[in-house]
Amino acid sequence: MHDLRWEAVCQAYLTIVSAWNAPQSVQTRGTAAFGCVVLGWRTPGAVIECSRRDPSHHAIPSTIAPTWVFPRELRGAHAMPLPPWPQRGLHVIAKPIGPICNLRCAYCFYLGKESLYPAGESWRMSDETLDAYVRQYLDAQPPSVDEVDFAFQGGEPTLMGLDFFRRVVELQAVHARPGVRIHNSLQTNGVLLDDAWCEFLAEHRFLVGLSLDGPAEMHDKFRVDRAGEGTFERVTAAMRRLLRHGVEFNTLTCIHQHNANHPLRVYRFLRDHGVRFMQFIPVVERETDDQGKVWINNRSVLPVEFGRFLIEVFDEWFRRDVGRVFVRDFDAALGAWTDRGRSPCVYAEECGRALALEHNGDLYACDHFVDPEHRLGNIHETPIRELADAADQRQFGRDKSARLPDDCRRCPYRFACQGGCPKDRTMTTLGGQPGLSFLCEGFRMFFGLVAGAMEAMAAEVRAGRPAANVAKRADAVGDAPGDDAGQPVRRNAPCPCGSGKKFKNCCMRRGA
């Protein structure tokens with residue numbers, strides 16, 4: 001049985017506010033991960049990041065959240081107007097070797113992109129294309145931007161070899177205007193990371209995203225090489241090298257059928273092996289049968305499983321690791337409640353400013369929409385700035401908000417979720433409207449649990465009051481460790497997922 005204690009809220013709030021106000025705090029940077037582009041891991045200080053856990057056996061202190069439903073009168077406080085399209089930051093993931101990879105992960109959505117190009121394709125990004133990418137990407141940034149993130153993904157980008165990335169750094173130095181700081185990130189399976197790679201990554205301060213799905217039996221279920229052998233030992237050896245060389249890295253953990261029900265094992269494994277920055281990415285795989293019917297396959301995480309995973313990890317993190325371990329989704333949630341920082345694209349109100357560049361210069365609307373319909377053009381023919389600002393791409397970005405079903409528009413957690421990633425909107429509402437996220441139930445469970453705690457912290461920030469006020473109120477109500485103020489959700493209480501049903505008729509029954 002678990003519950004969330006007031007002291008944990010105070011500790012989180014104190015840590016977060018001190019991080020915002022401390023320029024010397026650790027800064028984390030955006031990376032591309034499983035197609036979910038993380039744009040917002042850089043703020044004026046440190047940021048909190050990602051995680052998840054179990055619905056039913058949780059409560060937040062009544063002094064924080066007397067109701068599970070986010071107060072109607074406060075929803076508008078979180079609606080900040082979006083800047084004009086050209087003034088929004090632009091992020092382009094480069095895939096210098098296309099979909100080519102040295103592994104054959106069962107759930108990889110990108111391996112099939114080989115079919116987009118003719119047989120015999122070289123796949124390697126040429127120096128001409130690399131130069132055009134670096135130069136045009138820098139030129140396409142709004143004038144107010146003084147930091148630019150380059151992200152390299154695949155396939156497996158380390159197959160390009162170290163000389164390619166040495167050339168990347170050279171070209172960035174040539175084309176960056178004075179005063180602009182360059183950051184690089186590399187998403188990798190880690191198999192090829194030897195000491196030479198790690199020395200280079202450390203010297204040039206690359207942020208590495210390392211794909212690791214937890215303990216060996218969970219990781220090796222789907223993350224296998226071309227011979228079908230597990231890769232756990234090779235990946236964890238790479239992680240040890242990264243740690244030894246002082247390379248900044250985060251782990252990207254896909255949540256799927258074989259690890260979704262083991263949130264604490266996954267989280268503790270990563271934490272206890274020295275991981276301090278984590279992303280948890282839900283695997284949602286669509287397949288089509290012979291009759292054209294679309295369905296979600298059995299490798300995918302179920303919505304309730306995803307919600308439980310978020311909540312379980314949140315509980316552990318809140319109790320033990322605030323300020324020590326950083327989880328992307330927690331950062332995003334707090335950012336939504338406080339209007340601080342940028343959200344990952346999955347939680348953003350609109351998308352369309354996170355594009356994908358293939359090896360030959362083809363530019364696509366999004367990493368998850370690399371297909372003929374969403375090909376914007378080629379950077380050898382049209383500059384990145386022009387392609388990114390095209391009418392079709394603007395509409396693609398606006399559609400994330402414009403195509404939300406009415407249920408989403410009425411949802412008290414819309415400001416935090418924004419309907420999730422469009423790739424996951426495979427469901428219809430009870431009223432028959434399309435466009436509902438497959439993961440909606442999990443999101444509602446998670447945000448329903450943390451809403452009160454987040455609002456308590458955000459209210460202090462918005463009022464300009466110090467975090468100490470929160471701690472004083474906690475002491476006043478006596479809700480400290482060892483007290484019984486936090487209790488499990490009761491059978492007849494409103495369900496934390498926000499459905500409006502009693503807990504016993506909703507998630508308690510589904511989670512049995």
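Using a/c under 1.5 as the rounded threshold, could you call the stretch 95-248 rounded, prolate or oblate? The axes a ≥ b ≥ c are square roots of the C-alpha gyration tensor eigenvalues, and prolate needs a/b larger than b/c, oblate otherwise. Oblate is the answer for the stretch 95-248, as a/c is 1.5 or above yet b/c matches or exceeds a/b. For the stretch 167-301, the extents of the C-alpha atoms along the principal axes are 56, 37, 29 Å, listed from largest to smallest. In a fully extended conformation the segment linking ASN378 and ARG240 would gain 45.8 nm over its present Cα-Cα distance, using 0.36 nm per residue. In the complete set of protein chains, residue-level accessible area for PHE222 is approximately 20 Å², probe 1.4 angstrom. Within the stretch 121-247, antiparallel bridges make up roughly 10 percent of the DSSP beta bridges whose residues both belong there.
The aspartates and glutamates within cross-link reach of LYS221, meaning a Cα-to-Cα straight distance under 14 Å and a gap of 8 or more places when in the same chain, are ASP213, GLU229, GLU233.
The values are calculated or read from the model by the stated rules, or taken from the named source; none is laboratory data. This is a predicted model, so every value here is computed, not measured. To get the accessible areas, we keep the full protein, side chains included, count just its heavy atoms, and leave off ligands, DNA and RNA. Shrake-Rupley method; radii C 1.70, N 1.55, O 1.52, S 1.80 Å.
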